[in-house]
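Following: one structure in structure tokens, then a few remarks.
Readers should treat all values here as calculations from the given coordinates under stated rules, not as data from a laboratory. Nothing here was measured: the structure is a model prediction, and the numbers come from that model. For neighbour counting, all protein chains shown are included, and Cβ atoms are generated from backbone atoms with ideal geometry for every residue, glycine included.
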Amino acid sequence: MKGEETYFDSRLLNTAALIDEAEGYKSPHAVHIAILADEIAQKFKMPSYDRKMLRQASLLHDIGEMVMNRTYLHENRALYEEERIDMQRHPVIGEQELARREFPRAVQLIVRWHHEWWNGCGYPDALEREEIPLPARILRVCDSFVAMTSSRPYRAAFSQEEAKSYLIERAGIEFDPVVVKVLLDFENIESIIFKFEHFSTIKATQTENPKVT
């Protein structure tokens, strides 16, 4: 890996840490997603520019939740139905926020589509199969895996084996089965996602408003 500062820009890390905090995750939750997504992208021989767009989208994929700033995310319970419907707006709000911050259109669209399902039952656009761009399909799998293996206010973290079993059960329904297979083929996922653990020491500030140059 060439140059950690080019791999993850510190301004993006600051914003990702703020998003983690808004969601009730311990930082560097989003970094773990981005690292795992990039490793999978390499297995698909994704071009370096597309990988960069995927990494940025992975770090910022839930910026819409931060913008919405809903207090129910911090309550020690699962969401009520009306809250779940409200929260389904966050990919579009995230897309709009990234447009406002002048991120590339590719990053905006990955964020918009990271909750689309392989079978077409996702949101916001009910895309299915290859209609969903590969980077968004990769992010869907990685976001789900890292979220499941992280503790939340309303549940304990799943074990990696439990999370893998869920991905297997939902492959071909929620997840691209090929992407799931690539993730499952990794021998030690923990060693992958914790390779840049020192990024968690970066101090996030509310004044950061990064733009891509």
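In terms of other Cβ atoms within 10 Å, Lys26, Lys164 run from fewest to most in the order Lys26, Lys164. Remark: Met87, Met53 ranked as Met87, Met53, counting other beta-carbon atoms within 10 Å and listing the fewest first.
For the chain, the number of Lys pairs separated by eight or more positions or lying on different chains, with C-alpha atoms closer than 25 Å, is 27. Charge tally for Glu82 (other residues, Cβ to Cβ under 13 Å; Lys, Arg +1; Asp, Glu -1): 0.
Sequence gap at least 6, Cα distance under 8 Å: using those rules, report the relative contact order of the chain to the nearest whole percent. Numbers along the way, then the final one.
Details: 299 pairs, mean separation 55.4, N = 213.
Result for the chain is 26 percent.
Placing a pseudo-label 7 Å from each Cα along the Cα-to-Cβ vector at Leu79 and Val178 gives an inter-label distance of 3.0 nm.
The ranking of Thr71, Thr149, Thr15 from fewest to most other beta carbons within 10 Å of each one's beta carbon is Thr71, Thr149, Thr15.
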